[in-house]
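Accompanying notes for the structure given below.
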Amino acid sequence: MKTFRALAALLDYPNEALLEALPELAETIENEALVPPAERARLLAFLGQLQGSDLMALQEHYVDLFDRSRALSLHLFEHIHGESRDRGQAMVELKKLYASKGLELSAGELPDYLPVLLEYLSLCEPREATELLEETAHVLIMIHAGLARRQSYYATVFAALLATAGLEAPLEEVEAATLDDTPEALDAAWAEAPAFGPRAGAAICGAPFGSQTPSPRSSAGC
């Protein structure tokens with residue numbers, strides 16, 4: 001499922017390679033039709049807008065969102081384990097999961113980075129990919145809500161990802177995510193419960209995704 005690789009490229013740090021690959025990404029998304037029609041149309045419109053965009057402006061927007069906001073972090077285990085020791089073990093297990101399908105990480109890549117996870121999903125059968133997305137649903141919904149509140153075009157990518165798995169952000173989830181994203185509020189929210197949804201801890205693609213104990217980049221081409 002090359003669509004997941006396309007979404008991974010769109011959620012990675014933007015560079016010249018991404019801009020050059022936009023026509024290929026659009027063709028993949030259109031032809032595979034994995035994303036439902038409404039979200040696919042909006043996603044393709046977004047790709048069209050990216051063509052000819054100023055790369056530096058895209059990079060600055062990306063850094064402001066994902067590198068400077070804990071609430072929007074694309075490292076999923078930050079939303080589950082924080083800086084606890086559990087995160088390290090969960091990383092090891094996730095890396096083993098990737099290796100089971102021949103996905104090896106490059107130097108500096110962390111396995112809980114969302115674009116890396118999407119690369120792995122591209123290697124899974126559709127049912128396996130959907131199950132793993134369901135496991136990450138709560139985190140994805142919260143990030144989508146934060147992006148929507150900031151009126152970022154990246155919300156379009158998350159909406160497409162959620163729709164691909166038949167997921168939709170409940171209104172109460174969106175409202176809760178937009179009330180208060182100060183560091184103090186976020187710390188309190190993260191300490192309350194695991195962030196990976198009601199099925200946290202289930203076996204995914206043949207291996208456990210990781211412990212859910214509460215506690216306070218990929219290529220552009222397809």
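So the check is Cβ under 7 Å with 6+ separation or different chains; which pairs have a first residue in the stretch 15-41 that's of a type in the set (A, V, I, L, M) and a second one that's assigned to a loop (DSSP other than H, G, I, E, B) and surrounded by 13 or more Cβ atoms within 10 Å (Cβ to Cβ)?
Filtered contacts from the stretch 15-41: 17/220; 18/220; 21/220; 21/221; 25/222; 29/35; 34/1.
Got a sec? Which of 135, 119, 39, 78 is in contact with a Lys or Arg (Cβ under 8 Å, 6 or more places away or on another chain) and within 17 Å of residue 157 (Cβ to Cβ)? Spell out the reasoning first.
Working: 135 fails: within 17 Å of residue 157 (Cβ to Cβ); 39 fails: in contact with a Lys or Arg (Cβ under 8 Å, 6 or more places away or on another chain); 78 fails: within 17 Å of residue 157 (Cβ to Cβ).
Going through 135, 119, 39, 78 in turn, just one is in contact with a Lys or Arg (Cβ under 8 Å, 6 or more places away or on another chain) and within 17 Å of residue 157 (Cβ to Cβ): 119.
Just to check your reading of the model, which residue among 83, 93 is part of a helix (DSSP H, G or I), more than 18 Å from residue 36 (Cβ to Cβ) and either at pLDDT below 90 or not small (Gly, Ala, Ser) (or both)?
93
Of all residues being among the charged types (D, E, K, R) and part of a loop (DSSP other than H, G, I, E, B) in the stretch 101-133, which is surrounded by the most Cβ atoms within 10 Å (Cβ to Cβ)? Just the residue, please.
112
Just the residues that are in a helix (DSSP H, G or I) and among the charged types (D, E, K, R), please, taken from the stretch 1-17. Reasoning before the result, please.
Keep residues of the stretch 1-17 that are in a helix (DSSP H, G or I), which gives 2-11, 16-17.
Within the stretch 1-17, 2, 5, 16 meet the criteria.
Residues 157, 174: which one is assigned to a helix (DSSP H, G or I), in contact with a helix residue (DSSP H, G or I) (Cβ under 7 Å, 6 or more places away or on another chain), at pLDDT 70 or above and over 18 Å from residue 68 (Cβ atoms)?
The conditions single out 157.
Can you tell me which residue in the stretch 151-167 is surrounded by the most Cβ atoms within 10 Å (Cβ to Cβ), limited to those that are under 17 Å from residue 58 (Cβ atoms) and aliphatic (A, V, I, L, M)?
Residue satisfying both the conditions and the ranking: 157.
The values are calculated or read from the model by the stated rules, or taken from the named source; none is laboratory data. This is a predicted model, so every value here is computed, not measured. Positions of Cβ are generated from backbone atoms using ideal geometry, with glycine treated the same way; all protein chains shown enter the neighbour counts.
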